[in-house]
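Colleague: Sharing a structure here in structure tokens format.
The values are calculated or read from the model by the stated rules, or taken from the named source; none is laboratory data. Being a predicted model, the structure only gives us computed values, none of them experimental. We place every Cβ from the backbone using ideal geometry, glycine too, and count neighbours over all the protein chains shown.
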Amino acid sequence: MLEALRDRLSSETVLRSDEPLARRTTLGVGGRARWYAEPSSVDDLLLLSREAAGAGLPVFYLGRGSNLLVMDGPIEVLVIRLNHPCWRRVEVLPDGLLRTGAGVRLRELCGEALRRGLAGLEFLEGIPGTVGGALRMNAGAMGGWMFEVVESVRVLNGDGGERLLKREELHYGYRHCRELREACALEAVLRAPGRAEAQNIREVLHRYQEHRHATQPKEPSAGCIFKNPEGDSAGRVIDRLGLKGTRVGDAEVSSVHGNFIINRGGATGTEVVGLVRRVRDEVWKQSRVELEPEVLLLGANWEDLL
């Protein structure tokens, strides 16, 4: 389908068919994508997305594969990952600003902020994702949220046009940004809330790391599975009802944190979905709380499965 593109793409752009996706997710679950690409320029990204649209092939933008559940079997999709060095640059601007490519890992971003004495981005360090994914999901941890530090985002729209959107032009909330449901974030300008000595920033990073190690499982997971219900925590709800340790095949509710489903080694997408449904049904039956999935689903729709 996209084979004819090879001669029109840069030699640095990756394009493969029948690409296994499980190894590209933090949960380690899922089938194969019909096509997979790592574009080396905006032009190649635009060419890939246009050709896919013309062929009726959905496009999915993949970061580091956290907060994602991939279903089993072949998936008719073009997965695009902004992994080329051109998407992984961080530029230090005046006044505590950082311009960062969408492919920059959050840990790399925090490392650059540490070197520059820029404080207030430490909450991002432990999120296993990229800037692009954090923008799409308005990622948060340790009381901080991505869009609290965003000044602007440059995006590639579905029609192929580029736009620079200031924060006040974006519609975002808990785990979503409306403009990035279909568009692809190319880069963002972030503002560090303050400045501090490197040692002080390291101490905050260390404190956050210790908290994560104590409260989150070490086994493969996709992060939090469910959105927090109004006025409560999904993890606390699941824990109160005694659902930790519930298992479907090799998918298991973590004994460390009730809102994490871990992969015991050979879990499948079907097993994870089955466990999501079991936990969700039990929570509703016992407490009349309706939990909604937080993780993105590739290869199916949550509405059809729940």
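Colleague: Which residue pairs have Cβ atoms closer than 8 Å, lie 6 or more positions apart in sequence or on different chains, and pair a first residue in the stretch 85-105 that is without any contact (Cβ under 8 Å) to a residue 60 or more places away in the chain with a second residue that is exposed (fewer than 15 other Cβ atoms within 10 Å of the Cβ)?
Modeller: 104/89
Colleague: Here's something else I'd like to know. Within the stretch 46-79, which residues are small (Gly, Ala, Ser), surrounded by 22 or more Cβ atoms within 10 Å (Cβ to Cβ) and closer than 20 Å to residue 222 by Cα?
Modeller: Result: 63, 65, 66.
Colleague: Same structure, new question: Run down 210, 182 and say which single residue is part of a loop (DSSP other than H, G, I, E, B) and not assigned by TED's automatic domain parsing to the domain that holds residue 266.
Modeller: 182
Colleague: Moving on. Within the stretch 81-91, work out how many residues are among the hydrophobic types (A, V, I, L, M, F, W, C) and surrounded by fewer than 22 Cβ atoms within 10 Å (Cβ to Cβ).
Modeller: Pass one, the stretch 81-91, residues among the hydrophobic types (A, V, I, L, M, F, W, C): 82, 86-87, 90.
Those left that are additionally surrounded by fewer than 22 Cβ atoms within 10 Å (Cβ to Cβ): 86, 90.
Residues in the stretch 81-91 being among the hydrophobic types (A, V, I, L, M, F, W, C) and surrounded by fewer than 22 Cβ atoms within 10 Å (Cβ to Cβ): 2 in total.
Colleague: Looking only at residues that are assigned to a loop (DSSP other than H, G, I, E, B) and in contact (Cβ under 8 Å) with a residue 60 or more places away in the chain in the stretch 26-53, which one is farthest from residue 126 (Cα to Cα)?
Modeller: 31
Colleague: Limited to the stretch 259-272, what total is found for residues that are out of contact with any Phe, Trp or Tyr (no Cβ under 9 Å at 6 or more places or on another chain) and buried (at least 22 other Cβ atoms within 10 Å of the Cβ)? Walk me through how you get there before you give the answer.
Modeller: In the first step, residues of the stretch 259-272 are kept if they are out of contact with any Phe, Trp or Tyr (no Cβ under 9 Å at 6 or more places or on another chain); the result is 260-272.
Subsequent filtering for residues that are buried (at least 22 other Cβ atoms within 10 Å of the Cβ) retains 260-263, 267, 269, 272.
Here the count works out to 7.
Colleague: Of all the residues that make up the stretch 235-274, how many are assigned to a helix (DSSP H, G or I) and of a type in the set (Val, Ile, Thr)? Steps first, answer last, please.
Modeller: As a first pass, look at the stretch 235-274 and keep what is assigned to a helix (DSSP H, G or I): 235-240, 269-274.
From what's left, of a type in the set (Val, Ile, Thr): 237-238, 270, 272-273.
Number satisfying all stated conditions: 5.
Colleague: Moving on to the next point. Kindly evaluate residue 170 against the criterion of being among the aliphatic types (A, V, I, L, M) and closer than 28 Å to residue 233 by Cβ. Show your work before the answer.
Modeller: Working: among the aliphatic types (A, V, I, L, M): yes; closer than 28 Å to residue 233 by Cβ: yes.
For residue 170, the condition - among the aliphatic types (A, V, I, L, M) and closer than 28 Å to residue 233 by Cβ - is met.
Colleague: If you don't mind, there's one more thing I want to ask. Of the residues 232, 281, which single one is in contact (Cβ under 8 Å) with a residue 24 or more places away in the chain and either in a helix (DSSP H, G or I) or surrounded by fewer than 16 Cβ atoms within 10 Å (Cβ to Cβ) (or both)? Give the derivation first.
Modeller: On the way: 281 fails: in contact (Cβ under 8 Å) with a residue 24 or more places away in the chain.
Just a single option satisfies the conditions, and that option is 232.
Colleague: Restricting the stretch 97-122 to residues that are in a helix (DSSP H, G or I) and in contact with an Asp or Glu (Cβ under 9 Å, 6 or more places away or on another chain), which is surrounded by the fewest Cβ atoms within 10 Å (Cβ to Cβ)? Lay out the reasoning, then the answer.
Modeller: Initial filter on the stretch 97-122 (in a helix (DSSP H, G or I)): 106-116, 122.
With the extra rule that they be in contact with an Asp or Glu (Cβ under 9 Å, 6 or more places away or on another chain), the set shrinks to 106-107, 109-111, 113-114.
On the way: 106: 26, 107: 16, 109: 23, 110: 21, 111: 14, 113: 28, 114: 20.
Across the stretch 97-122, the extreme among qualifying residues is 111.
Colleague: What do you reckon, is residue 56 free of Cβ contacts under 8 Å to residues at least 40 places away in the same chain, assigned to a loop (DSSP other than H, G, I, E, B) and on the phi > 0 side of the Ramachandran plot?
Modeller: yes
Colleague: Now, a different point. Are there any pairs with C-beta distances below 6 angstrom linking a residue in the stretch 251-264 that is within 9 Å of residue 225 (Cβ to Cβ) and in the same structural domain as residue 240 (by TED's automatic domain parsing) to a residue that is among the basic types (Lys, Arg) and not in a strand (DSSP E or B), with the two at least 6 apart or on different chains, and if so which?
Modeller: Pairs that qualify, where the first residue is within 9 Å of residue 225 (Cβ to Cβ) and in the same structural domain as residue 240 (by TED's automatic domain parsing) and the partner is among the basic types (Lys, Arg) and not in a strand (DSSP E or B), are 253/244.
Colleague: Going by what's in this entry, would residue 288 be described as buried (at least 19 other Cβ atoms within 10 Å of the Cβ), out of contact with any Lys or Arg (no Cβ under 9 Å at 6 or more places or on another chain) and among the basic types (Lys, Arg)? It would help to see each step written out before you state the result.
Modeller: On the way: buried (at least 19 other Cβ atoms within 10 Å of the Cβ): no; out of contact with any Lys or Arg (no Cβ under 9 Å at 6 or more places or on another chain): yes; among the basic types (Lys, Arg): yes.
Here the answer is no, as residue 288 does not meet what is asked.
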